[in-house]
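Some notes on the structure that comes next.
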Amino acid sequence: AEYMGKADDLNEQFAVVNELTRVLVKTVPEPELPDLLQTLMDGLVDPEPSAANGTCVVLNGLMRSRGSELETHIGALVHAMLFAMVSIKAEQTMNGTLHALRTLGTHHLLAVVDELLGTELPHTEHVIKAFQVLAKDIKLAMPMIEHLKDVCNNDMPYEEARTGQTKVTKTAKAKPLAATAAIADIFDAPELEETAHADMPALLSTLLLRLGAVNNVKEDTARSSALEAVRRFLSCAKLDEMVEEFEANKVFERLTGEKHTDGLTDFARGICEHLPEAVEKVYTFLAPFVARNYPEQRIVVAAVFAEFINNCDEDKELLRKLLNSLLVRINDEDLTVKLLSIRGLGNVAAAGADEVNQYSTTVLSSLMGGLADPVDLVQLEAMNGLSKVLELVDEETVAPVLITLVLRIKPAFRSESPAIRAAAFTLFGTLWRLGRGPSEQDFFEQLHANLVMLLVHADDDNESVAKACRASLAQLAPLTRAQPLVDLLLAAPEMKDYLPWLDSVAQALIAHAPDRLNYYVMEAVSFFGHRTWNHMKATAAIFTGYLVGNADDRNRRTINLTHTCSSLQALLRENAPEVRIKAAEAIALLFDV
């Protein structure tokens, strides 16, 4: 009975408060309303729970009915409520205060959100609750998230300051940092799963762009905050398989730092595998950022689009859009954007032969342009892309540019970079398909023009280069038009004893193409002048000995023996013992010259 009496008293009190609120709503002059609300804030921390709860009722009633009049007082009211929350102990009063803040948000949502974004980082538990209570209102959630996305994507992400002649320090701007933290705060609430799925493509895109924007800033907290937002969003969306896969493959670890682009590629692949329905919408959201001023944003777009192309064999229209987006960035001033764009063009091979041939002219032209780039990494990416595309493209498409293509590849055979050399030899090997069609004779000449280079580098001191050469020799073998030579070259990948094999190849070349013998010898001699390739010089020297030593008198008369012998003799003065030894062995083979 006593409890019922107290309940009746409380109900009666709240009825009186509600009536008082209705009176205040109608009678308080507009100029006095802000001061009344500020005064009421003190009541939120009243030690008497019923008084504090009654204050919440009045606050909510006034803000619901008169909130539109408070536009110029949002900051003071928001901060007063946040300040009061620090001292509020009763859950009912806390919920009532948060409800009042949400009510204010129904009138001035963006202003309320901006005041919350202006609070100190990391956000306090009360700021986090404020963001979450706004997000849980179905009418406020999406407009607030749109605003947070806008801040993350369109506000200046960092300030640059030159700290030396060349060094530039990037400092993350506060508001995008706060917006990123707010997204993490919002999606830390499991009940917002439906909200996460409602805007999945745009939020994924925004968080990836944000990861890119802060990847080079000086603050580690900016990167960790963006990464935490990604984790919480995926967790809230219940994408458990995707998260488990990313954890197992350390994708999250690669999303920031030096492996950033690898992480983006892995993430984009995850979208294709786990959220295929989101791919086109992610493209639509990211497409405008491909031309943004900030290179970090363009890097994100290029990395994601390049991997989408790698997984876009069914949606032909999307493939066209993706290729067009990357084509305009292959000459981007940022090296990473250029590399990723070239990679994406090469990935068109994953779509199959029909799509490769549909875009072959444009793609081939763009990738071939990369072969002439002064930057090794660009050349490497272009060659890797061409190797994939040329496996599928029609011979008629390549025939007009075949000689140009070979001439652009050839300088890379002598690159100091083993990766460049290996890619160049691999690319040359893929041209085997062109040796049977309308370009047969042209390619036959180019094959023999570069054969010595392949044979010598088949014993390159870099294993990857040697392996690439041997694989290419096997691919090209049937095009040499001489069965003994074909058999020898087909055996190159599994060949164990290089020098006897090279001796046999020399004999086959003499028998098959005696009219080219002087050219072969001069190509081998051309290695002698290299400053650092001692192993290659040694190999070229003994190959020269095999070519001349195995030739009969009639064939030797076609060789410039004076130049050849003097060049071998000069190698005896080399510092490298390996070169001197092989030069001496080669000269010994010429005892009857």
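The values are calculated or read from the model by the stated rules, or taken from the named source; none is laboratory data. Note that this is a predicted model, so its numbers are computed, not measured. Using ideal geometry, Cβ is built from the backbone for each residue, glycine included, and neighbour counts are taken over all protein chains shown. What goes into the accessible areas is simple: the full protein's heavy atoms, side chains included, and nothing from ligands, DNA or RNA. Shrake-Rupley method; radii C 1.70, N 1.55, O 1.52, S 1.80 Å.
Do any trypsin sites (Lys or Arg not before Pro) in the range 151-226 lie in a DSSP loop with no more than 15 other beta carbon atoms within 10 Å, and if so, which?
Numbers: sites: Arg162, Lys167, Lys170, Lys173, Arg210, Lys218, Arg223; in loops: Lys167, Lys173, Lys218.
The qualifying sites are Lys167, Lys218.
Please calculate how many Å² of accessible area the range 335-478 carries per residue, with a 1.4 Å probe and no DNA, RNA or ligand atoms counted. Walk me through the numbers on the way to the answer.
Numbers: 5080 Å² over 144 residues.
For the range 335-478, the solvent-accessible area averages 35 Å² per residue.
Based on the mean of other beta carbon atoms within 10 Å per residue, what is the order of 23-36, 406-419, most packed first? Show your work: numbers first, answer last.
Details: 23-36: 12.1, 406-419: 16.9.
Highest mean packing first, the order is 406-419, 23-36.
How big is the gap, in Å, between the Cα center of the range 93-163 and the Cα center of the range 270-304?
If you average the Cα positions of each part, the centres end up 25 Å apart.
Keeping every protein chain present and rolling a 1.4 Å probe, give me the accessible area per residue for the range 124-166 in Å². Mind dumping the intermediate values first?
Numbers: 2280 Å² over 43 residues.
Value for the range 124-166: 53 Å² per residue.
Select one label from (1) 29.3; (2) 25.3; (3) 26.2: the one whose number is Kirkwood radius over Cα pairs in Å as derived from the coordinates shown.
Only one option fits the structure, namely (1).
Can you give the relative contact order of the range 139-221 as a percent, counting alpha carbon pairs under 8 Å and 6+ residues apart? The partial results should precede the final answer.
Values: 70 pairs, mean separation 30.2, N = 83.
The normalised contact order for the range 139-221 reaches 36 percent.
Please find the FRET efficiency linking Asn154 to Glu125, where r is the Cβ-Cβ separation and R0 is fixed at 30 Å, and quote it to the nearest 0.05.
On the way: r = 29 Å, r/R0 = 0.97.
E(calc), rounded to 0.05, equals 0.55.
I'd like the accessible area for Thr163, computed on protein heavy atoms only with a 1.4 Å probe and all protein chains in place. Round to 10 Å², please.
Surface accessible to solvent at Thr163 totals approximately 90 Å².
Tally up the carbon and sulfur contribution to the accessible surface of the range 148-266 as a whole percent, 1.4 Å probe, everything protein left in place.
On the way: 2250 of 5160 Å².
Percent of accessible area from carbon and sulfur atoms in the range 148-266: 44.
Just to verify a number: what accessible area does Glu273 come out at with the full protein assembly present, 1.4 Å probe, Å² rounded to tens?
100
Over the range 43-118, what percent of the accessible surface lies on carbon and sulfur atoms, probe 1.4 Å? Please list the in-between numbers first.
Numbers: 1660 of 3130 Å².
Exposed carbon and sulfur together represent 53 percent of the surface.
Compute the angle between helix 200-213 and the longest alpha-carbon principal axis of the chain, please, reported from 0 to 90 degrees and rounded to the nearest 10.
Value to nearest ten degrees: 70.
Just to confirm, what accessible area per residue do you get for the range 222-268 at 1.4 Å probe, in whole Å²?
45
So what's the back-of-envelope 222 nm ellipticity for the chain, counting only DSSP H runs of four-plus at -39500 (n - 2.57) apiece and dividing by all residues, rounded to 500? Please report the intermediate quantities before stating the final value.
On the way: 34 runs with 412 residues, N = 593.
Rounded to the nearest 500, the figure is -21500 deg cm²/dmol.
Once you list every other residue whose beta carbon is under 14 Å from the beta carbon of Leu380, what net charge do they have if Lys and Arg are +1 and Asp and Glu are -1? All intermediate terms of the calculation are to be shown ahead of the outcome.
Numbers: positive: Lys338, Arg343, Lys388, Arg408, Arg421; negative: Asp373, Asp376, Glu381, Glu416.
For residues surrounding Leu380, the net value is +1.
Tell me the carbon and sulfur percent of the accessible area for the range 315-428, rounded to whole percent, probe radius 1.4 Å.
Working: 2310 of 4430 Å².
Carbon plus sulfur share of accessible area: 52 percent.
Could you work out the relative contact order of the range 317-400? I mean the mean sequence separation of Cα pairs under 8 Å and 6+ apart, divided by the number of residues, in percent. The partial results should precede the final answer.
Numbers: 88 pairs, mean separation 25.1, N = 84.
Relative contact order of the range 317-400: 30 percent.
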